[in-house]
Amino acid sequence: MAIDEITAAPTARITLETLRQMRSARKPIAMLTAYDYPTAQILAAAGIPALLVGDSAAMTVLGETTTTAITFDFLLTITQAVRRGAPHVFLLADMPAGSYPDLPAALAHARRFVQEAGADAVKLECDRSQEPIVAGLAAAGLTVCAHVGLLPQRVTTPGGYRAHGRTQAEAREIVDDALVLHRAGAKMILLEAVPDEVSAQVSRQVDCPVIGCGGGPSCDGHVVVVHDMLGYSRHVPKFVDKLADVPALVSQAAARYLQQIQQREYPAPRHQYRMKGE
């Protein structure tokens, strides 16, 4: 798909090559999380080219305090729903904690995301210690996004979320991890909560799309949690703007419904079924 063909509600499938072309043309890539069919439909129709079914659903959908409290089967199911709602987007699926302890497990779970849910790629939170797993997935023909920087699956408490790479030593480690994983076969890099200097170093030294999640303007694209953007979340990272207050709209509709019930305005005659005449 050519870059200039990317418009609202695209009818041609957006692929990794599309994203690579966008990077080459310096056309920023917009990515959002999605966890259900109707939201995926809306985001795709708005022209969002890439969606991430994130393990953040543990917090945004299930009300847990960390991303680790989610199962593979749940993520597989909602990835299937998102693909049905957005058949043409580039779809990235999160590998949940515990699904890639070794290469055989990683292969089995990644293949299910691709074959059963229609994902285009899988994302692993990793450092250079996962190089053999990334290399093995790539050798099997799977598209891998290496997630470095802040790794939520290794955060045990809500207070553990913090920016990474703010010291020279930490920055070098993140850059080195990204480069090692890219050489191992990662076709995308996701940098979470790192200074732009880190993103700039990575982007200059790889030839694949670099997606920032609080990674600064040097990234080729950006992803945020849609619930943060829409006003659902109490604690929102500094790199996310609240662009709508959807909970307020839902609350108003619920209050109006309650009023209709209490005042016996509902159900009105127009809402009722009638017996068939005999």
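The numbers here are math on the coordinates, done by the rules we state, and not lab data. Bear in mind the structure is a predicted one, so any value in this text is a computation, not a measurement. We place every Cβ from the backbone using ideal geometry, glycine too, and count neighbours over all the protein chains shown.
Just a few scattered comments:
- The charge dipole of region 120-248, taken about its Cα centre with unit charges on the Cβ of Lys, Arg, Asp and Glu (plus for the first two, minus for the last two), comes to roughly 180 debye.
- Taken over the alpha carbons of region 3-244 as equal point scatterers, the Debye sum produces base-10 log I(q)/I(0) values at 0.08 Å⁻¹ of -0.26.
- Cross-link partners of K187 among aspartates and glutamates (Cα-Cα below 17 Å; sequence separation of 8 or more within a chain): E17, D94, D120, E125, D127, E131, D176, D177, D207, D220
- Using only alpha-carbon positions in region 199-278, the gyration tensor eigenvalues give semi-axes of 50, 17, 6 Å once each is multiplied by 5 and square-rooted (largest first).
- Debye-sum result for region 11-58 in log10 I(q)/I(0), which assumes one identical scatterer on each alpha carbon, at q = 0.14, 0.17 Å⁻¹: -0.38, -0.55
- Relative contact order (%) - region 3-244, alpha-carbon pairs under 8 angstrom, separation at least six: 17 percent
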